[in-house]
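In what follows, a single structure is set out as structure tokens and then discussed.
The values are calculated or read from the model by the stated rules, or taken from the named source; none is laboratory data. Small disclaimer: the values here were computed from a predicted structure and weren't measured. Cβ placement follows ideal geometry from the backbone for every residue including glycine, while neighbour counts extend to all protein chains displayed. The protein model used for the area step is the full one, side chains on, heavy atoms only, and it has no ligands, DNA or RNA in it. Shrake-Rupley method; radii C 1.70, N 1.55, O 1.52, S 1.80 Å.
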Amino acid sequence: MLSLYPLQSSKRCAVIGGSGFLGRHLVEKLLGKGYTVSVFDIRQSYELPGVTFHQGDLCDKQALLTALQGVSLVFHCASPAPASDDKALFQRVNIQGTQTVLQACTEAGVQKVVLTSSASVVFEGTDIKDGREDLPYAKNPIDYYTETKIEQEKLVLKACDKEKGLLTVAIRPHGIFGPRDPQLVPILVDTARRGNMKFIIGDGSNLVDFTFVDNVVHGLILSAESLRPESPICGKAYHITNDEPVRFWDFMSDILVGLGYSAPRYNLPYTLVYGLALLLWLLSLLLCPLVAFKPTFTPMRVALAGKHHFYSCSRAKQDMGYKPVVGLKDGIRRTVESYPHLRHGA
Ligand SMILES: NC(=O)C1=CN([C@@H]2O[C@H](COP(=O)(O)OP(=O)(O)OC[C@H]3O[C@@H](n4cnc5c(N)ncnc54)[C@H](O)[C@@H]3O)[C@@H](O)[C@H]2O)C=CC1
Ligand SMILES: CC(C)=CCC[C@@H](C)[C@H]1CC[C@H]2C3=C(CC[C@]12C)[C@@]1(C)CCC(=O)C[C@@H]1CC3
């Protein structure tokens, strides 16, 4: 049964999580490309001409159905922040919520769903060099965020059904940065202002992907526009990065120095810092009935800062002609310029 094909060429889309960092950049680009955009988010963080906001929880199917009326393409970019570390919340939003999104899309006659997954779905805290999409999902994910992003991606890819007229694809970015990012630069500056950015974990040679937000937006829109029944991308996952792995500590230093702070200088052995972070984490678990303290140096953060984790995007290049639109140096410059309030002494 090929009920809904050929695909309507409607440029009416919805961005779930459109109030967030990535979601808002995506919305702005879609508007520039002539799309009509509905944003569905639990909060409204801005107003823009041409955008209809629907405030609601993605676990609420009725609320979603209202927002998805007449929509043919859905971008799913919503998730609780990785730092929240709340197992029940991650399961409710990323797993049950994504099931609800898929049901609502089917009922509303949506034809394409593009999920923002994460390259972290294959990261277990050990080195990944030029990782391809056929790496197995992490058996021991480093946190609840990653654990539920894995299940979310599986759900979305499994829902791809040409017969039923629903096409899906998952984009896996890594280390998104850029103007208005609420995490990477603010955490870094906060750590520097507290005088804790003096140390390099390990020998500082570990390579990592940091992806400028415009490149992720480009990958998301490219995948949506390539998603057709005959396309090889249906039901698959794609790494989208800057395709320029960089030393983690060089990237951090470029941002810090750009904002007027000193670069970290002293090396600490990786195993020592990881062991301390593990100890702190265990202590916080043991003491949580008595005192609520959340360590900044979690084992996950130490692994992200001290291990290699960079990915190949050759599948995206081959299947959809992906090429980054902003280079790393330019992305760093534009990011630094966008945070005058976080400059040293500001
Ligand atoms: N920032 C990064 O470095 C990376 C992000 N990602 C993924 O990209 C997506 C977007 O991330 P960011 O923009 O960085 O995060 P963000 O936190 O800025 O945006 C997420 C948005 O989802 C919304 N949201 C959360 N729970 C919701 C619910 N129950 N119902 C409706 N809306 C809800 C939030 O209000 C927020 O506006 C996420 O799926 C994340 O997992 C993947 C790889 C790296
Ligand atoms: C590529 C990728 C997945 C990046 C992750 C972004 C964040 C997890 C990092 C952004 C700022 C980083 C940071 C640290 C860990 C990882 C980040 C939160 C430290 C806490 C690591 C230990 C330190 O010495 C201080 C670092 C501050 C910045």
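A compact table of results
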| quantity | calculated |
| --- | --- |
| Fully extended contour minus Cα-Cα distance, from residue 250 to residue 66, at 0.36 nm per residue | 61.6 nm |
| Value of D in µm² per second that Stokes-Einstein yields for the stretch 83-178, Kirkwood Rh from Cα pairs, at 4 °C (1.567 mPa s) | 91 |
| Probe 1.4 Å, accessible area per residue of the stretch 187-257, Å² | 34 |
| The stretch 172-217, accessible surface, carbon-and-sulfur percent (1.4 angstrom probe) | 59 |
| Cα-centre dipole for the chain with unit charges at Cβ (Lys and Arg positive, Asp and Glu negative), debye to 20 | 280 |
| Loop-resident sites, the stretch 11-53, for trypsin sites (Lys or Arg not before Pro), counting at most 15 other Cβ within 10 Å (DSSP) | 11, 33, 43 |
| Sum of -39500 (n - 2.57) over DSSP H runs of 4+, divided by residues of the chain (222 nm, nearest 500) | -11000 deg cm²/dmol |
| Gain upon complete extension [residue 272, residue 230; 0.36 nm per residue less C-alpha separation] | 10.0 nm |
| Cα gyration tensor of the chain - equivalent ellipsoid semi-axes, whole Å, descending | 34, 22, 20 |
| Förster radius 30 Å - calculated FRET efficiency between residue 33 and residue 161, Cβ distance, rounded to 0.05 | 0.65 |
| Neighbour cut-off at most 16 other Cβ (10 Å), DSSP loop, trypsin sites (Lys or Arg not before Pro), the stretch 127-228 | 132, 139, 162, 164, 180, 194, 198 |
| Simple label model, 7 Å out from Cα along Cβ direction - residue 52 to residue 294, nm | 3.5 |
| GluC sites (Glu not before Pro), loop per DSSP, at most 13 other Cβ atoms within 10 Å - longest free stretch of the chain | 231-346 |
| Estimated FRET transfer efficiency when R0 is 35 angstrom, pair residue 283-residue 44 (beta carbons, to 0.05) | 0.35 |
| Estimated FRET transfer efficiency (residue 106, residue 265; beta-carbon r; R0 41 Å; 0.05) | 0.15 |
| Radius of gyration and maximum dimension Dmax of the stretch 154-304, Cα, Å | 19.9, 58 |
